[in-house]
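A.B. asks: Below you'll find the structure I mean.
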Amino acid sequence: MTLYPEKQCAITGAGQSEVGRPSSRSALQLTADACLEAIADAGLKPSDIDGIATYPGKSSEGGGIAPVSPSEAATVLGIDPKWILASAEGFSHMAPIFNAITAIACGLARHVIVFRSVAQAQARLKSRASTLMTGSRNRVDGNNAWTVPFNALSPINTFALYAQAYFEKYGANEQQLGAIAVNNRANAMHNPNAVYRKPLSLDDYLASRVISSPLRLFDCDSHIDGSTAIIVSSLDAAKDLKNPPLRFESIGMSIGGLWVGKFEGDFTHLAADKAGEMLWSRTDLKPADMDCAQIYDGFSIHVWMWMEALGLVPQGEACRFVEGGRRIAIDGELPLNTGGGQLSAGRFHGYGHIHEATVQLWGRGGGRQVPDARTCIVSNGGYGYGAMILRRD
Ligand SMILES: CC(=O)SCCNC(=O)CCNC(=O)[C@H](O)C(C)(C)COP(=O)(O)OP(=O)(O)OC[C@H]1O[C@@H](n2cnc3c(N)ncnc32)[C@H](O)[C@@H]1OP(=O)(O)O
């Protein structure tokens with residue numbers, strides 16, 4: 001019999017700090033704000049939390065990408081966790097959540113707090129180079145050795161290649177890509193925590209500066225300071241809490257394929273399709289059963305590639321599906337990135353998407369609420385890949 005650890009777990013609380021460009025609060029203060037809000041949202045006390053995890057763990061490289069460790073957070077929260085995940089690299093930014101699920105299913109914890117903090121806006125004030133792939137170093141290694149020597153100093157240079165290849169293979173155009181940015185911004189206007197809330201038209205998009213052809217300013221996510229936290233609880237422990245549990249219906253993960261591997265030389269795919277295959281193999285639900293979708297958007301092109309990898313649309317069809325924005329709007333057939341995504345709400349490394357899934361499933365979306373949303377698919381990552389389906393019964 002197949003065991004599905006995720007089906008024994010649920011999200012029971014969520015919190016998000018203020019989001020700044022930059023914030024006047026330190027990364028640790030922002031983390032405490034988000035975590036305390038999530039704990040209170042679940043109807044728990046800090047002493048109830050017995051596990052803690054973050055992505056990717058504290059980084060000594062600076063750049064504000066991983067400014068707070070689980071032990072620092074545990075200290076300011078006054079919690080005494082029995083299960084701690086100090087470094088969670090691997091299959092995407094969802095790695096600490098999937099690890100928390102495993103720990104809970106094994107009986108090592110009942111309520112795990114998972115947080116993601118970023119201080120990239122503060123870091124950029126100190127050094128414009130801080131968010132380049134080289135950081136402040138003059139040597140690179142690992143995966144960056146495949147790109148940096150060819151002058152691809154920022155992820156945008158890599159993903160611009162993907163966008164160009166997609167345009168050429170599937171006959172897509174910039175108006176279709178612009179539909180992602182315009183849709184996200186329309187939704188962000190109803191999200192008080194989004195960093196960009198000024199109206200954005202397709203003409204504004206087309207008039208914006210090209211950063212790395214064909215990607216423009218509004219195709220890029222934006223560096224921020226902030227923190228998001230969720231509480232992952234055992235289903236058993238979730239039953240008597242404040243919020244209806246948001247069950248993990250299924251999870252999927254994969255890694256590889258960006259630099260070398262299956263799709264080497266094919267810039268129209270991500271290896272995210274393996275995460276999609278795993279996701280759908282663990283549920284009876286189908287893509288058409290999704291009430292909304294929070295799809296990773298480090299750059300707008302990620303959305304097309306993720307939609308196809310998850311089977312939400314056939315390969316090569318995402319560009320036409322999103323065109324004009326009607327089908328992906330809040331009242332469309334697949335409401336997409338309902339909180340503004342990273343393009344308009346800020347670069348939370350996918351944790352904004354997870355937070356927005358909880359907003360929708362708990363009916364907290366106000367002007368951006370999808371009526372009676374009960375299922376939400378969330379995807380995360382552009383180098384390693386994670387996906388999940390959350391549902392409210
Ligand atoms: C797997 C992955 O996730 S890969 C994705 C990785 N993501 C990235 O690498 C981040 C990509 N984004 C960037 O590098 C930067 O945002 C850039 C290059 C697009 C823009 O940076 P800069 O040219 O330095 O612009 P700068 O940050 O000075 O901003 C100037 C103004 O432009 C506007 N602006 C900047 N970035 C954005 C954006 N992404 N969206 C909308 N408006 C923006 C804002 O009005 C900003 O003013 P503000 O600071 O008051 O908000």
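A.B. asks: Mind giving me the nanometre distance, one decimal, between the label points for L153 and R374, set 7 Å out from Cα along Cα→Cβ?
C.D. replies: It works out to 5.3 nm between the two label points.
A.B. asks: Can I ask one more? Among the listed pairs K7/K242; K45/K239; K169/K274; K82/K239; K45/K126; K58/K126, which are separated by more than 25 Å between their Cα atoms?
C.D. replies: Working: K7/K242 20 Å; K45/K239 16 Å; K169/K274 21 Å; K82/K239 22 Å; K45/K126 37 Å; K58/K126 19 Å.
From the list (K7/K242; K45/K239; K169/K274; K82/K239; K45/K126; K58/K126), the Cα-Cα distance tops 25 Å for K45/K126.
A.B. asks: Can you pull the one-decimal nm distance between simple spin-label points at S201 and D80, each 7 Å off the Cα toward Cβ?
C.D. replies: Inter-label distance under the simple model: 6.2 nm.
A.B. asks: For the chain, count all C-alpha to C-alpha pairs, find those more than 29 Å apart, and express that count as a whole percent of the total. Mind showing how you got there, number by number?
C.D. replies: On the way: 28744 of 77028 pairs.
Looking at the chain, the distances longer than 29 Å represent 37 percent of pairs.
A.B. asks: How many percent of DSSP beta bridges within the chain run antiparallel, rounded to 5? Spell out each step's value before the answer.
C.D. replies: Numbers: 37 of 48 bridges.
Restricted to the chain, the bridges split so that about 75 percent are antiparallel.
A.B. asks: With 12 Å as the cut-off, how large is the P(r) tail for segment 270-316, expressed as percent of Cα-Cα pairs?
C.D. replies: When every Cα pair of segment 270-316 is considered, 62 percent fall beyond 12 Å.
A.B. asks: Could you rank the peptides 37-47, 181-191 by their average count of other C-beta atoms within 10 Å per residue, with the highest value first?
C.D. replies: Working: 37-47: 18.4, 181-191: 24.1.
Per-residue mean Cβ counts within 10 Å order the peptides as 181-191, 37-47.
A.B. asks: Mind checking which of A293, G325, S24 is farthest towards the positive end of the chain's charge dipole, using Cβ charges of +1 (Lys, Arg) and -1 (Asp, Glu) about the Cα centre?
C.D. replies: The residue sitting farthest along the positive end of the dipole is S24.
A.B. asks: A further question follows. Where does the chain land at 222 nm, in deg cm²/dmol rounded to the nearest 500, when only DSSP H runs of n ≥ 4 count, each adding -39500 (n - 2.57), divided by all residues?
C.D. replies: -9000 deg cm²/dmol
A.B. asks: About the Cα centre of segment 105-152, how large is the charge dipole given +1 on each Lys and Arg Cβ and -1 on each Asp and Glu Cβ? Please answer in debye to the nearest 20.
C.D. replies: Numbers: 7 positive and 1 negative charges, 40 e Å.
Computed charge dipole of segment 105-152: roughly 200 debye.
A.B. asks: Mind telling me which of S281, S254, S227 comes out most flexible in a GNM of the chain, alpha-carbon contacts under 10 Å?
C.D. replies: Result: S281 has the largest fluctuation of those listed.
A.B. asks: Still on this structure: Taking the chain as a Gaussian network, where each spring joins two C-alpha atoms under 10 Å apart, which residue of G142, G316, G57 fluctuates the most?
C.D. replies: Highest fluctuation among the options: G142.
A.B. asks: On to the next question. Of the residues N380, N337, N193, which exhibits the maximal mean-square fluctuation in a Gaussian network model of the chain defined by a 10 Å Cα contact cut-off?
C.D. replies: Its mean-square fluctuation being the largest, the pick is N193.
A.B. asks: For I255, tell me the accessible area in Å² from a 1.4 Å probe, rounded to the nearest 10.
C.D. replies: Per-residue accessible area (I255): approximately 120 Å².
A.B. asks: Listed highest first by mean packing, meaning other Cβ atoms within 10 Å per residue, what order do 353-364, 24-35, 112-123, 158-169 come in?
C.D. replies: Values: 353-364: 23.6, 24-35: 21.6, 112-123: 26.9, 158-169: 19.2.
Per-residue Cβ counts within 10 Å, averaged per peptide and sorted highest first, yield 112-123, 353-364, 24-35, 158-169.
A.B. asks: Express in Å², to the nearest 10, the accessible area of K198 obtained by rolling a 1.4 Å probe over the protein heavy atoms while all chains stay in place.
C.D. replies: 150 Å²
A.B. asks: Extension gain D284-W146, at 0.36 nm per residue separation less the Cα-Cα distance, in nm? Numbers along the way, then the final one.
C.D. replies: On the way: separation 138, 0.36 × 138 = 49.68 nm, distance 3.96 nm.
Stretched out fully, the D284 to W146 stretch lengthens by 45.7 nm.
A.B. asks: State, as an integer percentage, the relative contact order of segment 227-340 based on alpha-carbon contacts under 8 Å between residues 6 or more apart.
C.D. replies: Numbers: 117 pairs, mean separation 22.6, N = 114.
Reported relative contact order: 20 percent.
A.B. asks: While we're looking at this one, here's another question. Using the Kirkwood formula on the Cα atoms of segment 1-49, what hydrodynamic radius do you get, in angstrom to one decimal? Intermediate results must be reported in sequence, preceding the final value.
C.D. replies: Details: mean 1/r = 0.0788 Å⁻¹.
The answer is 12.7 Å.
A.B. asks: Additional query: Can you tell me the dipole magnitude for segment 12-155 around its Cα centre, using point charges on the Cβ only (Lys, Arg +1; Asp, Glu -1), in Debye to the nearest 20?
C.D. replies: 500 debye
A.B. asks: From the residues S130, A145, C220, which one has its Cα farthest along the dipole of the chain in the positive direction, the dipole being from +1 and -1 charges on Cβ of Lys/Arg and Asp/Glu about the Cα centre?
C.D. replies: S130
A.B. asks: Then there is this: With just the Cα atoms defining each centre, how far is segment 11-61 from segment 144-207? Give it in Å.
C.D. replies: Answer, in whole Å: 29.
A.B. asks: What distance in nm separates the simple spin-label points at S59 and D266, each placed 7 Å from Cα in the Cβ direction?
C.D. replies: It is 3.0 nm.
The values are calculated or read from the model by the stated rules, or taken from the named source; none is laboratory data. Just so we're clear, the structure is a prediction, and the values are computed from it rather than from any experiment. Here the Cβ is made from the backbone with ideal geometry for all residues, glycine too, and neighbour counts use every protein chain on show. Ligands, DNA and RNA are stripped out before the accessible areas are found, and what is left, the full protein with its side chains, is counted by its heavy atoms. Shrake-Rupley method; radii C 1.70, N 1.55, O 1.52, S 1.80 Å.
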